[in-house]
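*Asks:* My questions will all concern the structure given below.
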Amino acid sequence: MVTRQFEGKQQASDYQKFRFDPSQEIIDLIFSYVDERFPKLSEFAVDAGCGTGQNTRVLAPYFKKVLGIDISEAQIEEAKKATRSPNVTYRVCPAEEVPVGDTSVDLLTASIAAHWFTIEKFLKEVDRILKPGGCLAIFTYLPSMEVHYKDCSEQMTQVFAEVGDSLVPYEHEKIYHLKNGCKEMYESIPYPDKRRFLRLMGTSSSETEVEVWLQNVLILASKPQ
């Protein structure tokens with residue numbers, strides 16, 4: 001069953017303003033991995049569960065074509081408004097049904113989204129659309145965080161922790177993927193060439209002075225040639 005979240009128009013607008021962009025360290029790790037396996041990668045990338053396009057736009061300078069897909073029409077509308085790159089397009093569709101041909105994609109990414117997917121179906125679709133040697137990059141961050149803002153960092157971090165604890169009884173069941181560092185997701189990838197990174201990284205959105213430090217998870221895999 002497809003999980004549907006973040007579909008309201010106001011929620012999508014807030015998402016565009018306040019969601020953190022992928023850190024440069026994550027991007028560098030991805031392309032270091034990709035360049036070692038697929039040095040001529042430049043044709044086509046897909047960003048699954050793209051939301052309002054933060055990660056999709058990051059991919060634009062590296063590829064001739066980039067497609068961002070998301071199940072939420074409201075998120076896609078925000079992505080279109082925020083994107084100026086002519087080589088980036090968007091479609092409303094689930095990550096388990098990517099509207100592209102077989103073995104046509106060089107890199108497929110999923111940024112802070114894959115825990116919502118039906119993983120078995122998603123990975124079958126990944127295998128269908130990736131070129132031989134093509135790469136998969138799944139990255140997200142864990143729920144716990146350190147908050148840094150002027151002289152009240154410790155207090156704010158404590159407040160966020162208390163709020164997080166209070167919300168545990170209401171969490172969606174798929175949040176467990178985040179809490180275990182996407183370990184089961186990583187183990188489900190059928191390719192022998194794969195890696196999983198855990199890194200503490202600082203980040204912020206363009207709309208706030210608050211910086212947060214998050215434990216990030218990055219999963220990389222390459223389809224056999």
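The values are calculated or read from the model by the stated rules, or taken from the named source; none is laboratory data. Note that the structure is a prediction, hence the values are computed from the model and not measured. Methodologically, a virtual Cβ is constructed for each residue, glycine included, from the backbone with ideal geometry; neighbour enumeration extends over all protein chains shown. Accessible surface areas use protein heavy atoms only, side chains included; no ligands, DNA or RNA. Shrake-Rupley method; radii C 1.70, N 1.55, O 1.52, S 1.80 Å.
*Asks:* Taking 0.36 nm per residue of sequence separation and subtracting the Cα-Cα distance, how much length would be gained by fully extending the chain between Arg195 and Lys80, in nm to one decimal?
*Replies:* Gain on stretching Arg195 to Lys80: 38.2 nm.
*Asks:* Oh, and also: Let's test this: bin the Cα-Cα distances of region 46-154 at 10 Å from zero up to the farthest pair and state each bin's percent.
*Replies:* Taking every Cα pair in region 46-154, the percentages come to 15, 44, 27, 11, 4, 0.
*Asks:* Of all accessible surface on the chain at a 1.4 Å probe, what whole percent is carbon and sulfur? Can you show the working numbers first?
*Replies:* Working: 6000 of 11420 Å².
With neighbouring chains kept in place, the figure for the chain is 53 percent.
*Asks:* Let me ask another. Leaving out ligands and nucleic acids, note down the accessible area per residue over the chain with a 1.4 angstrom probe, in whole Å².
*Replies:* In whole numbers, the chain has 51 Å² accessible per residue.
*Asks:* How much mean residue ellipticity at 222 nm does the chain get from its helices, if each DSSP H run of length 4 or more adds -39500 (n - 2.57) and you divide by all residues, to the nearest 500 deg cm²/dmol?
*Replies:* Result for the chain: -9500 deg cm²/dmol, rounded to the nearest 500.
*Asks:* Using alpha carbons only, how many degrees (0 to 90, rounded to 10) separate the axis of helix 24-37 from the longest principal axis of the chain?
*Replies:* Helix 24-37 sits roughly 20 degrees off the main axis of the chain.
*Asks:* Kindly rank 91-97, 45-51, 107-113 from highest to lowest mean number of other beta carbons found within 10 Å of each residue.
*Replies:* Numbers: 91-97: 17.0, 45-51: 27.3, 107-113: 24.6.
Result, highest mean first: 45-51, 107-113, 91-97.
*Asks:* Can you give the translational diffusion coefficient of the chain in µm²/s, computed by Stokes-Einstein from the Kirkwood radius over Cα pairs at 4 °C and 1.567 mPa s?
*Replies:* Result for D is 72 µm²/s.
*Asks:* What nm value, rounded to one decimal, do you get for the distance between Glu171 and Glu73 when each label is placed 7 Å out toward the C-beta?
*Replies:* Using points 7 Å along Cα→Cβ, the separation is 3.3 nm.
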